[in-house]
Each structure stands twice: as structure tokens, then as C-alpha cells.
Amino acid sequence: MPVIEVFDVRKSYGSGATLVEAIRGIDLSVADGELVAVMGPSGCGKSTLLHLCGAMDRASSGRLQVLGLTLGDLDDDALTRLRRDRLGFVFQFFNLLPTLSVEENVALPLLLGGVARSAALARAGALVQEVGLAPRRAARPQQLSGGEMQRAAIARAVVHEPRVVIADEPTGNLDSENGRRVLDLVRTLNRRLGMAILIATHDASVAAIADRTILMRDGRIVDEPRSSPSLLPRPRAAV
């Protein structure tokens, strides 16, 4: 069952001589539990596509559905609720809050969703342990390595068990060893929790863990060079 459906979506910025066509008529479907990598050169539209699928930006035309909701029909408040409650996000630059501990950063989506602080911290603590950060649970982000910060960011992205995770260059600021550890974590959580993950990347090692890889160029999908022969449903489990 698709959790993301994109129908002839286009996204432009500016007008006239300054018009930039970032997305030029894309069709895409992502199944529940599927891990899809989007590859292509800088400026090809990968990040723009992810921002549209993550309800962080609005398409100029076309139709985009996420979890059965047509994003063009939702007002800003509804889009905010969708992002907060049902989606997860991982970014290249981590985006952890510097004044919060690792455990508090991970608990943040639950706290924003109205979960009691004690319950949110307990659940975050269990996930912090799962991603190998238990000794660092009270540390602030500036006390962590890049790999540790990204593991914390991934834990934050999945603590509320979203159906869809959007990951934009999640290994872009990591060395090869930390990048490999983060990829192993992403794949493990994808399989255990069953969420769909859409990853934009330049890195072939990231694409290698995906169920399917699509190639973008000049705002269009130009190829799907590698696909798995079948996509078996993955059970969703509690963290």
C-alpha cells in the first residue's frame, strides 16, 4: 500500500528571467515499509522532492498524497500536525537543540505531541539505549561526535513511530566508519519498525541498503537502476 504518491508534481521558484524549475513533472510511489534512495548530482531536485513529500513545502502543481492525505488540500495547521505526529525527519546537519540533553532531544516529538514528560523520557531512554547512546544520554549535542549526533537525530525521528521518515543526506557530514554505523542503524530500524524511509543521497553505499534506488537529473526522475524483486510487508513494533 503506498504511503507516498506523487502525480505529475512540479515545483518552481521565482518568475520570468529568474524562474527556476526545481521539479519538472515527477511521478513516484513509495510503499509502506519500503526504503527508497534518491540519487543524483547537486541541484537535481533531490532535496526539493523530499521537502515536498515531507510537507515542508508546497508543490506548484500536480498532486501529492502522504498517508492518504492530499497535501494541497491541507492548511498550514494541518500540515504542521502531519509533520509533528506522523512523519519523522533526519537532516545532514542533525538539528539537535543545543540546550537539551540527548534524551530530551529524542523525547521532543513525544513532548510536542502531548505525551507526559515522564512517559516521553522513559520511551526516549529506551531508544537512546537501542542506538548505543546510553552512556551519553545526559550529554548536550556539543559534547557528541558527529556520528553520535546523527544517531541521536535518527532516534528522535522514530521515537513517535512515524509511518514515513524523510532523510536528507543523513551521512553527508560523517566519515566512512560513522556513515556505515548510521546506515546499519537506519536499516535495522526500518526493518524492525516497518516505517517507509525516503533518503536523498550522493553516496552509493547509502543507495546499496535501499529496496529501490531512483536517479534524478534536472528535476526529473530519469531511471530506476536497481529494484528489489519483492517488497514484503514488515511488521510494526513498539519501541
Across segment 160-185, what is the number of residues that are in contact (Cβ under 8 Å) with a residue 60 or more places away in the chain and part of a helix (DSSP H, G or I)? 0
Across segment 97-110, what is the total count of residues that are over 14 Å from Arg136 (Cα atoms) and either among the hydroxyl-bearing types (Ser, Thr, Tyr) or crowded, with 17+ Cβ neighbours inside 10 Å (or both)? 5
What's the total number of residues in segment 150-180 that are crowded, with 18+ Cβ neighbours inside 10 Å and under 16 Å from Ala107 (Cβ atoms)? 11
Of (1) closer than 28 Å to Pro2 by Cα; (2) over 20 Å from the mean Cα position of the chain (by Cα); (3) of a type outside the set (D, E, K, R), Ala119 satisfies all except one. Which? (1)
Here the residues within segment 181-198 that are surrounded by 17 or more Cβ atoms within 10 Å (Cβ to Cβ) and among the charged types (D, E, K, R) are Arg181
Which condition breaks for Gln129 when tested against (1) over 19 Å from Met216 (Cβ atoms); (2) in contact with a helix residue (DSSP H, G or I) (Cβ under 7 Å, 6 or more places away or on another chain)? (2)
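Any residue in segment 160-171 that is at positive phi, modelled with pLDDT of 90 or more and among the acidic types (Asp, Glu)?
Yes.
Report, by residue number, each residue of segment 56-80 that is of a type in the set (Gly, Ala, Ser) and closer than 19 Å to Gly33 by Cα.
The one that is of a type in the set (Gly, Ala, Ser) and closer than 19 Å to Gly33 by Cα: Gly68.
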Does segment 57-70 include one or more residues that are touching a Cys at 6+ places or on another chain (Cβ under 9 Å) and not small (Gly, Ala, Ser)? yes
Cross-chain or 6+ apart pairs with Cβ under 7 Å, segment 11-27 first and of a type in the set (Ser, Thr, Tyr), then surrounded by 12 or more Cβ atoms within 10 Å (Cβ to Cβ) and not in a helix (DSSP H, G or I): Ser12/Val20; Ser12/Glu21; Ser12/Ala22; Ser12/Ser60; Tyr13/Val20; Tyr13/Ala22
Hey, which of the strands (runs of 3 or more DSSP E) in segment 31-115, taking only ones fully inside, have at least 3 residues that are closer than 28 Å to Asn173 by Cβ? 35-39, 87-91
Scanning segment 199-223 for residues that are touching a residue at least 12 places away in the same chain (Cβ under 8 Å) and of a type in the set (Asp, Glu), which turns out surrounded by the most Cβ atoms within 10 Å (Cβ to Cβ)? Asp211
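The values are calculated or read from the model by the stated rules, or taken from the named source; none is laboratory data. Small disclaimer: the values here were computed from a predicted structure and weren't measured. Cβ atoms come from the backbone with ideal geometry, glycine included; neighbour counts cover every protein chain shown.
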